[in-house]
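**Student:** Please read through the structure below; I'll follow up with questions.
The values are calculated or read from the model by the stated rules, or taken from the named source; none is laboratory data. Note that the structure is predicted; figures quoted are calculated from it, not measured. Using ideal geometry, Cβ is built from the backbone for each residue, glycine included, and neighbour counts are taken over all protein chains shown.
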Amino acid sequence: MTDKKWLIGSLVVLAVFSYFMTSFAQETIKITRITDQLRGGSQPSGQERHIVLIEQEQGHPYWQLVEQGAIKAAEKARIAIECIGPVRNNMEEQLKLLEKAIASRVDGIIVQGLNQAKFNPVINKAVERGIPVVTVDTDAPDSKRMAFVGTDNLEAGRKLGQLVVKATEGTGKIGVIIGSESAENQLQRLEGIKRVIREYPELAIVDVRSSNISMMEAIQQAAEMLQSHPEITVMVGTSATDALGILQSARSLKRKDIQIIGFDDLPDTIHAIRNGEILATVVQQPYRMGELSVQLLENHFEGKPFQDIRYTNADVMDRSSPPVADGGKTP
């Protein structure tokens, strides 16, 4: 048994090391970038408004798409935009950056409402100082935020649950990797899955673990879950890199029987779907989220009416689906 555990541990370490080496150079660039931003940058000349997008993790593929959509809309509206965020997923660092944006007296803020108890007071502080706030990706409905743009995460979770039912025909043991144990969007997706699973007595979620929005952590947690619960035959990931981490672990443990369901449409996820290694994924529209968030602020600045809740699409992609190659650019 000890030799088996040692072998499994070695395989997981090799998978993590491989991922770490490929991302190390990118991480160095991100550290330099965020350091420069925290020191404060100059606002482009000739632009009347200055807004800030606070990302969950700079350089993360999902947030890069949100950023691209926001930058494109800001350029069109001639609004200066600064995109900042923690180098690694860190809620406290996001809150510090939110406080920094308020102190800088920016004209508008786009930020997640990851945890209402922590984010609501700071969001309210911004609004009380005359700075409109749009929550993106994750809402803070009880705050004074101006509007929310993003996925209906409870419904997206239901779609994940329905994929599980389809894959298992209503019978089986399920493992779930969520992006965070404290982020509202992740908890809503998990709740959506649970609501579907409760309708099927022969289906059961036997373990739920957090990846902390990290593929390396997803690999580790998935490996430990599969080792502790060999009866699991379906695994679900609720954030962008979770399914890829599950796939790495399943490969290392030679568990070809594991059916994997993921979230978002990273290129590696799409490739794995086409190869039959990942069953399906629920695809959000991060580019559109960034674009709409800026457009709502533009409408506010110009005194135009706007919707305070804008849900963007979340669609299922499987091997039979046409590719989604625009990062959610389609309205």
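**Student:** Mind listing whichever residues of the range 237-262 are modelled with pLDDT of 95 or more, among the hydrophobic types (A, V, I, L, M, F, W, C) and part of a loop (DSSP other than H, G, I, E, B)?
**Tutor:** Matches in the range 237-262: LEU253, ILE258.
**Student:** For the range 97-113, check the following and say yes or no: at least one residue is among the small types (Gly, Ala, Ser) and either in the same structural domain as SER211 (by TED's automatic domain parsing) or part of a helix (DSSP H, G or I) (or both).
**Tutor:** Yes - at least one qualifying residue is present in the range 97-113.
**Student:** To continue, here is another question. Of the numbered conditions (1) crowded, with 24+ Cβ neighbours inside 10 Å; (2) under 17 Å from LEU163 (Cβ atoms), ALA183 fails exactly one; give the number of that condition.
**Tutor:** (2)
**Student:** Go through the range 214-236 and report how many residues are in contact with a Leu (Cβ under 8 Å, 6 or more places away or on another chain) and not hydrophobic (A, V, I, L, M, F, W, C).
**Tutor:** 1
**Student:** Among the residues of the range 235-260, which ones are charged (D, E, K, R) and touching a Gly at 6+ places or on another chain (Cβ under 8 Å)?
**Tutor:** Of everything in the range 235-260, just one residue is charged (D, E, K, R) and touching a Gly at 6+ places or on another chain (Cβ under 8 Å), namely ASP242.
**Student:** For the range 129-179: of the residues being out of contact with any helix residue (DSSP H, G or I) (no Cβ under 6 Å at 6 or more places or on another chain), without any contact (Cβ under 8 Å) to a residue 40 or more places away in the chain and crowded, with 19+ Cβ neighbours inside 10 Å, which is nearest to HIS50 (Cα to Cα)?
**Tutor:** Looking at residues that are out of contact with any helix residue (DSSP H, G or I) (no Cβ under 6 Å at 6 or more places or on another chain), without any contact (Cβ under 8 Å) to a residue 40 or more places away in the chain and crowded, with 19+ Cβ neighbours inside 10 Å, I get ILE131.
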